[in-house]
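Engineer: Below you'll find the structure I mean.
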Amino acid sequence: MAGPDDKGRPVSRRTVLGGGLAAALAWTTAACGGGKAGQSEAKSGVTTAQPRTTGTPSRSPAKPPVDPASVKANELGLVPVLMYHRITPTVTGEYDRSPEDFRAELQRIFAEGYRPVRTIDLVRGQLDVPAGTTPVVLSFDDGYPDQFRYTPDGKIDPTCGIGILFDVARQFPDCRPVASMNINKSPFGLSDSAKVKAGLTDLDKRGIEVANHTYGHDNLSKLDPESIQKDFVLLQRLVHDAVPGAAVRTMALPFGVWSKDRGLTHTGSYDGESYTNEGILLVGANPSPSPFSAKFDPLQIPRIRSTSYGNGKIPMTTTYWLDYLKANPGQRYISAGNPGKVTFPKALAATLAPALAGKANPY
Ligand SMILES: [Zn+2]
């Protein structure tokens, strides 16, 4: 299948966040154009299709808010978005993670108080994780079978990525085992349309996001505008055909490479069908700002590579950043467990996205 992503781009654009935090509200983003001629302001606007949450295991019933100081709440802190490719015992490159290391990494992040959310949850600021914990996005690119496959008797293979996630999460009762799968054509090596339908429906029912990594995993900088839009629409159509009503609302750039017209990565249409990517995932190489931070741009979300190559000690990969955030806990996003408000220490007030001032809950 397609090769790994390897070209993260620096963040250079500014985005103004608007909208609210409640589930019914969508973010309004501006300036997808990157300042180039012909790139108009792109707005995600009011969302018309919500990702389905049917079957998503809900957390425990709502509890009264805790004293934010007691958990050192900081909802303006950093959120790691981890990027996985192959989960394979044969590690030959930077994009390979061994099943043993993947399991150990999940054990570590859950034990250190991270709780999974999906890309769309980050983009919409719907970070429903328990007080005192940090959201983390587990994103998988390219739809490799070792990320998601079945045993001959029809169970999710406990040695694939999703199987390992489910197994480790069982040890942490408040941990919802969700992820975002950024797929291309022929996802997970499923051999025919019936198997694709069954597999993607299963993921959707479990609350796992199926997202757009383009149909052909093409280098978007080399495609004409129509081909770019076709690439997004064909993948979206594949998902809709498999899971009627499912929403495809976020994407990961193949190879981390932008199209010349960046607006087409956000929204476009082909053959009478339109698409809107509310969130765009980059490749490198640092934690994401909080979605409530003035620095957050949903159309340029940085990710952190997870690798077993070089014993996992390649700079700026997961081990590096998990160690960094452990050493600098004040920089982590820490939930107050109070959805609808943005809770943070007063000293950080200047870093709040100005449009969210009405939701501010400084302490
Ligand atoms: Zn890829």
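Values quoted throughout were computed directly from the atomic coordinates according to the rules given, and no laboratory measurement underlies them. It should be emphasised that the depicted structure is a prediction, and the values quoted were computed from it without experimental measurement. We place every Cβ from the backbone using ideal geometry, glycine too, and count neighbours over all the protein chains shown.
Engineer: So which residues in region 170-185 are out of contact with any strand residue (DSSP E or B) (no Cβ under 7 Å at 6 or more places or on another chain) and closer than 25 Å to Glu278 by Cβ?
Structural biologist: Asn184, Lys185, listed by residue number.
Engineer: Just to verify a result, which residue in region 168-197, among those that are in a loop (DSSP other than H, G, I, E, B), within 16 Å of the ligand (Cβ to nearest atom) and not charged (D, E, K, R), is nearest to Val233 (Cα to Cα)?
Structural biologist: That would be Asn184.
Engineer: For the structure I just gave you, tell me whether His266 is touching a Cys at 6+ places or on another chain (Cβ under 8 Å) and buried (at least 22 other Cβ atoms within 10 Å of the Cβ).
Structural biologist: Yes.
Engineer: Limited to region 105-132, what total is found for residues that are under 25 Å from Gly312 (Cα atoms) and away from the ligand (no atom under 16 Å from the Cβ)?
Structural biologist: Looking only at that region, the number is 14.
Engineer: Run down Tyr333, Tyr363, Tyr320, Tyr324 and say which single residue is farther than 30 Å from Gly263 by Cβ and either in contact with a His (Cβ under 8 Å, 6 or more places away or on another chain) or in contact (Cβ under 8 Å) with a residue 60 or more places away in the chain (or both).
Structural biologist: Sole residue among the options that is farther than 30 Å from Gly263 by Cβ and either in contact with a His (Cβ under 8 Å, 6 or more places away or on another chain) or in contact (Cβ under 8 Å) with a residue 60 or more places away in the chain (or both): Tyr363.
Engineer: Hey, another quick one. Cβ-Cβ below 6 Å, separation at least six or inter-chain, first residue in region 174-193 and closer than 10 Å to Val210 by Cα and in contact (Cβ under 8 Å) with a residue 60 or more places away in the chain, second assigned to a helix (DSSP H, G or I) and within 16 Å of the ligand (Cβ to nearest atom): which pairs?
Structural biologist: Ser180/Thr119
Engineer: Can you pull out every residue in region 198-222 that is under 19 Å from Tyr84 (Cα atoms), away from the ligand (no atom under 14 Å from the Cβ) and assigned to a loop (DSSP other than H, G, I, E, B)?
Structural biologist: Across region 198-222, the qualifying residues are Gly207, Ile208.
Engineer: In region 132-167, which residue that is part of a loop (DSSP other than H, G, I, E, B) and small (Gly, Ala, Ser) is surrounded by the fewest Cβ atoms within 10 Å (Cβ to Cβ)?
Structural biologist: Among those that are part of a loop (DSSP other than H, G, I, E, B) and small (Gly, Ala, Ser), it is Gly154.
Engineer: Further question on the same structure: Sort out which residues of region 326-352 are buried (at least 21 other Cβ atoms within 10 Å of the Cβ) and outside any loop (DSSP other than H, G, I, E, B), and write them in order of number.
Structural biologist: Arg332, Ile334, Val342, Thr343, Phe344, Leu352 - these are the residues of region 326-352 that are buried (at least 21 other Cβ atoms within 10 Å of the Cβ) and outside any loop (DSSP other than H, G, I, E, B).
Engineer: Condition check: part of a strand (DSSP E or B) and touching a Ser or Thr at 6+ places or on another chain (Cβ under 7 Å). Does Ile228 satisfy that?
Structural biologist: Judged against the criteria, Ile228 is not a match.
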